[in-house]
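Q: Before I ask anything, here is the structure I am working with.
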Amino acid sequence: MTPTMRAVVLDAPGPPEALKIRALPIPVPGPAQVLIKVRAFGLNRSELHTRIGLAEGVTFPRVLGIEACGEVAACPGNEFAVGQQVVAMMGNMGRTYDGGYAEYTCVPVSNVIAFRSTLPWDVVGAVPEMLQTAYGSLVSALDAKAGQSILIRGGTSSVGLATASLAKQRGLTVLATTRSAAKQSALAAAGVDHVLIDDGAVAPQVRKLFPEGVDLALELVGTPTLPDTLRALRRRGVACFTGMLSNEWTVKDFYPIGYLPDAVRLCAYSGEAADLPSPVLQGYLDDVASGKLSVPIDKTYAFDDIAEAHRAMEQNEAKGKLVVVI
């Protein structure tokens with residue numbers, strides 16, 4: 001009899017209830033693949049976009065999940081040892097092949113990073129994609145340096161909170177936005193120097209603090225707020241477009257000279273597992289274990305509560321990462 005596992009299957013785009021838990025065969029890894037026994041996985045906007053039908057290139061039925069953490073169950077090429085603690089992320093997980101919303105996931109070796117930690121699995125499960133996105137945006141895209149100022153638009157998202165912590169570690173002055181005054185304490189706890197209430201016009205608030213504008217900006221909300229974010233930058237300042245909390249990522253009739261403020265630069269970041277160096281992941285987990293950093297987790301769910309977890313993500317009220325523990 002073929003051994004089976006429990007997995008969350010999406011047959012076609014739909015509401016949270018479209019996510020069905022079913023028994024599927026445990027995947028058999030081939031060359032350059034790793035079979036991971038999943039212990040926990042974080043929820044991401046990318047998976048929401050897939051579930052509601054906004055993502056392109058997805059085939060159904062599909063097990064969602066662009067990240068997971070757990071232990072190596074099998075690795076034919078011996079790139080990783082059986083039992084080794086690993087995280088996996090990106091590389092079309094949960095899009096063109098089955099992802100992390102399952103008791104086991106089979107992914108390319110290139111998606112996997114090893115680590116060692118005694119942290120609880122729910123804490124580790126919140127980290128991979130959040131850290132990869134925050135670190136990649138801050139270091140690879142923005143090339144942030146000590147002494148600079150950075151505006152994080154969408155600051156109370158998990159990526160926003162993680163970016164704030166990393167930026168403070170690197171000696172930056174951090175400004176971050178929230179639409180809710182009740183979330184200011186979460187930003188302060190992450191090390192944010194200036195909390196701005198997002199009323200749609202953040203640039204004037206920024207320029208009261210920094211008349212010439214800030215050096216850097218990280219856009220996590222999407223295209224509706226991007227023009228205002230760009231206006232908060234100084235000349236030769238750089239904005240990175242990374243997130244789409246608004247579910248809007250296309251600029252209609254884009255005319256660069258009319259859209260971009262004079263001498264302001266715009267880049268983007270999506271990233272892969274290769275953009276998160278193993279020492280960075282290990283160092284982050286070590287800092288969390290020692291109390292130097294905290295992981296912004298809003299709530300942890302049981303596997304059977306995946307629909308409830310997706311509903312919470314869609315309502316966009318979380319103050320941090322949503323994690324599912326198996």
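Q: Could you state the accessible area per residue of segment 1-125 in Å², with a 1.4 Å probe and every protein chain left in place?
A: Accessible area per residue, segment 1-125: 41 Å².
Q: Turning to a different aspect of this structure: Using a cut-off of 28 Å between alpha-carbon atoms, which lysines can reach LYS145, once sequence neighbours fewer than 8 places away in the same chain are excluded?
A: Partners found: LYS168, LYS183, LYS208, LYS292, LYS319, LYS321.
Q: I've got another one for you. Please tell me the relative contact order of the chain in percent, rounded to the nearest whole number, where contacts are Cα pairs under 8 Å and at least six residues apart.
A: Once divided by the residue count of the chain, the mean separation gives 18 percent.
Q: So what is the 222 nm mean residue ellipticity for the chain from helices alone, if each DSSP H run of at least 4 adds -39500 (n - 2.57) and you divide by all residues, rounding to the nearest 500 deg cm²/dmol?
A: Numbers: 10 runs with 79 residues, N = 326.
Calculated mean residue ellipticity at 222 nm is -6500 deg cm²/dmol.
Q: A follow-up question, please. Carbon-plus-sulfur fraction of the accessible area of segment 106-253, 1.4 Å probe, in percent?
A: 52 percent
Q: Determine the sum of side-chain charges near GLU219: Lys and Arg each +1, Asp and Glu each -1, restricted to other residues whose C-beta is under 10 angstrom from that of GLU219.
A: With Lys, Arg at +1 and Asp, Glu at -1, the neighbours total 0.
Q: Over segment 181-321, average the accessible area per residue using a 1.4 Å probe and give it in Å², no decimals.
A: On a per-residue basis, 50 Å².
Q: Modelled label-to-label distance, SER140 and TYR259, 7 Å Cα→beta-carbon offset: nm?
A: Each label point lies 7 Å from its Cα, and together they span 2.2 nm.
Q: Would you work out what percent of the accessible area of segment 284-326, with all protein chains in place, is carbon or sulfur (probe 1.4 Å)? The partial results should precede the final answer.
A: Details: 820 of 2020 Å².
Carbon and sulfur together cover 41 percent of it.
Q: So, one more: Could you tell me how many degrees, from 0 to 90 and to the nearest 10, lie between the Cα long axis of helix 306-315 and the main elongation axis, the longest principal axis, of the Cα atoms of the chain?
A: 10 degrees
Q: Which net charge results for the neighbourhood of VAL251, defined as the other residues with beta-carbon distances under 14 angstrom from its beta-carbon, given Lys and Arg at +1 and Asp and Glu at -1?
A: It works out to a net charge of -3.
Q: I've got another one for you. Looking at segment 252-326, which trypsin sites (Lys or Arg not before Pro) are DSSP coil and have at most 15 other C-beta atoms within 10 Å of their C-beta?
A: LYS252, LYS292
Q: Further question: For the chain, I need the span (max minus min coordinate) of the C-alpha atoms along each principal axis, in Å, sorted largest to smallest.
A: Projected onto its principal axes, the Cα set of the chain covers 69, 41, 35 Å.
Q: Output wanted: per-residue J couplings in Hz (rounded whole) for segment 78-85, from phi through Karplus 6.51 cos²θ - 1.76 cosθ + 1.60, θ = phi - 60°, x for Gly and Pro.
A: Values, residue by residue: 6, 5, 10, 7, 4, x, 5, 6 Hz.
Q: Another question, then. How fast does segment 106-196 diffuse by Stokes-Einstein, in µm²/s, taking the Kirkwood radius from C-alpha pairs at 20 °C and 1.002 mPa s?
A: Calculated translational D: 152 µm²/s.
Q: Moving on to the next point. Report the net charge of residues surrounding LEU293, where surrounding means a beta-carbon distance below 14 angstrom and charges are Lys +1, Arg +1, Asp -1, Glu -1.
A: Values: positive: LYS168, ARG170, LYS292, LYS321; negative: ASP286, ASP287.
Value of the local net charge: +2.
Q: ALA81 versus SER294, label points 7 Å from Cα toward the beta carbon: distance in nm?
A: That separation, rounded to one decimal, is 3.5 nm.
Q: Taking a ≥ b ≥ c as the square roots of the eigenvalues of the Cα gyration tensor of segment 231-311, is the shape rounded (a/c under 1.5), prolate (a/b larger than b/c) or oblate?
A: Verdict is oblate for segment 231-311.
Q: Is the C-alpha gyration tensor of segment 138-240 telling us rounded, prolate or oblate? Criteria: a/c under 1.5 is rounded; beyond that, a/b larger than b/c is prolate, otherwise oblate.
A: Rounded.
Q: Also, quick follow-up: Multiply the residue gap between GLU248 and ASP199 by 0.36 nm, knock off their C-alpha separation, and tell me the result in nm, one decimal place.
A: Between GLU248 and ASP199, full extension yields 15.8 nm more.
The values are calculated or read from the model by the stated rules, or taken from the named source; none is laboratory data. Being a predicted model, the structure only gives us computed values, none of them experimental. Virtual Cβ from ideal backbone geometry, glycine too; neighbours counted across all protein chains shown. Keep in mind that these areas ignore ligands, DNA and RNA; they rest on the heavy atoms of the full protein, side chains included. Shrake-Rupley method; radii C 1.70, N 1.55, O 1.52, S 1.80 Å.
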